[in-house]
1. If eta is 0.692 mPa s and T is 37 °C, what Stokes-Einstein diffusion coefficient results for the stretch 355-414, Kirkwood Rh from Cα pairs, in µm²/s?
2. Which one of G482, V545, L501 is farthest out on the positive end of the charge dipole of the stretch 458-597, using unit charges on Cβ (Lys, Arg +1; Asp, Glu -1) and the Cα centre as origin?
3. Over the stretch 92-149, what portion of Cα pair distances is larger than 14 Å, expressed as a whole percent?
4. Given N residues in the stretch 92-243, what is its alpha carbon radius of gyration divided by 2.2 N^0.38 Å?
5. For a distance above 13 Å, tell me the whole-number percent of Cα pairs in the stretch 63-103 that qualify.
6. Consider all pairwise Cα distances in the stretch 355-508 and report the whole-number % of them above 20 Å.
7. If you project the alpha carbons of the stretch 31-129 onto their three principal axes, what span does each projection cover, largest first, in Å?
8. Quick one: what do you get for the stretch 106-189 if you divide its Cα Rg by 2.2 N^0.38 Å?
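Read the figures in this text as sums done on the coordinates, not as results from a lab. Computed from a predicted structure; not experimentally measured. Using ideal geometry, Cβ is built from the backbone for each residue, glycine included, and neighbour counts are taken over all protein chains shown.
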Amino acid sequence: MAGAAAEERRLATVVESWLGRPVLVIGDAMLDEWRFAESDRLCREAPAPVLTLRRRISAAGGAANTAVNVAALGGRAVLVAPVGADVAGDELHDCLDRAGVWDRTVAQPGRHTPVKRRMLAGNQILLREDSGDPDDALDTDGVQRLLTALECATEELRAAGGETPTLVVCDYGLGALPAPVRAWLVAARDRYATIALDAHDLADWRGLAPTVVTPSFAEATRLLARAASRTDSHLHLDHPAADPTDGPSELSVGTAPGAAGSPAVSAPAGMPGAGARGAEAPGVGVPGAAPPPAGTSLGPPTGGTGEPTPGEDRVAMTGDGLSVTGTGVTVSALAGEGVDRAVLAEARLAELRAHTGADVVAVTLDTEGAVVGGADGASRRSHSTPVPASHAVGAGDAYLAAMTLALAAAAPLPTAAQLAQLAATITVSDTGTCVCRREDLLHALGARGDDAGHPVLVAPDELAAIVETQRGAGRAVVFTNGCFDVLHPGHVRYLEQARALGDLLVVAVNSDGSVRRLKGPDRPVNPVEDRVALLAALACVDHVVIFEEDSPAGLIEVVRPDVYVKGGDYPPEMVPEAPLVRRLGGQVRTLGYVPDRSTSAIIDRIRAHGHPATPVEPEQVDARRHAAVPVEPEQVDARGSRASTPGRPA
């Protein structure tokens, strides 16, 4: 147990070390849209369900979600990407702003922002509609403005922190990274300390020499197959413009191997092509994604460009191996049924490093985790637990963000691989686009926010030292107080909003005697030990302290908060503690309570047991803490997404 605790502290130290690290993300940004509906009947025109839209959520996707994950994990993220001058582009800007990403996207009039719209009923995805044309190339002016944005963002990051920035390239074949931009990045390689590459077609990035690449199993297979089909001996694949079979995979998918007009080549034995990466989730499983039994075929790829590997989850078993139908490549496996993709990927890590020029290769295996290898020749394996596919969308972005930040912070490769796996795993608790927050990662490691060595419940004299340390590290301290007698959804939402105003949330709780003086002899309902235990269990709360006085003025003088928060619909000037807080250099904020969610109302309903309950608003479940919160016209989803009810602008 002591060894496990020490390991968790070591990992938490790495997470702490990457705080504020500058990261420039460039690539294909898109918008994820989730439409949650209900259905209780079929329509008369066809055997199809009649859907009633209940909720809509929009979130950053693709390169934008990678930038959101970098910011959520504590990095300083800047996104450079072409974005359409349309409604979807406006929503994407909002998502980036809410996540704290420096939005340096470039508007492209006449070009649509790529969107993935999912319709769900009962958390089951019924259909997905994709928009955005990868053939709609950037014009000369658009390319030039993108290069200017790249140059400015690089210098902006360097000037902001004085550190050499990290670069993350997300190339999903949607046209954001044309040849001139790729050439600029290759030429500017030395301006970035660490470079991470996530690309459908790794051959397009010859010469970049990235620090780490994160191909899916199918992408790795395609690279090896193309390398084997070459007659030259160069380690980096040639990529002549005239080669019609070697373009970006999303633009050249064709019929299944063996069909008319389909080029079929064999890669070296031992690397079959089977990667289901539609869920973009290394280390998290998608039931049903495993290869089918021998002798079966799921057919040729259809539809959708811009997926991480469109059609490549369709695997045809043949007599001598597996066929990757999305690439027109047949790879001899000599294994047939029961192929262990992890073993095969592990055997080819050295070749993948050679062909990509990368220091580290992480081959993601969806249901089977990931295999990671570095220059020392050793491989590391991570495993996964199956989850519904709707839970794993964007988990690969969390994996990429955590891996990049860890390597940029000079963490050893085993540590970086472990943190990346953990970041991907803890994001898949609910339906939606995955975002891993720094607090969640530290919580999974047994740490609490920025003070991994301190307990949540602290005494007033301990609190002073903790706050001084945090403020010395440049972190903003938020302070609030209350009885918190019967913890309810209104409290949870209030505390989450308070935590979002700074970097450390301290909650002061009235003692039992103080509550009795303020609320009457029949309060509190719950003793202070129970009240602080529930508060300490909330991920948004960093420290809880108990005070005996009727006023928190003494603690305010100790903490000297940057932001003091009170609940209520009155202006900050009416807060009794406001003059003291301002005299100490802080600001006062008031946050409105959630209607019909109060301790008094709950107690009244309990006392009125046996009478008809008062109807309340529809509720939804917060994905991270499983606390019920009311559905309002617009709110922030648990993963940082924008949510709205039908009929209102999102």
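1. 258
2. Of G482, V545, L501, it is L501.
3. 69
4. For the stretch 92-243, the normalised Cα radius of gyration is 1.21.
5. 45
6. Here the long-distance tail beyond 20 Å is 61 percent of all Cα pairs in the stretch 355-508.
7. Principal-axis extents of the stretch 31-129 (Cα, largest first): 51, 33, 16 Å.
8. So the Cα radius of gyration is 1.42 times the expected 2.2 N^0.38 Å.
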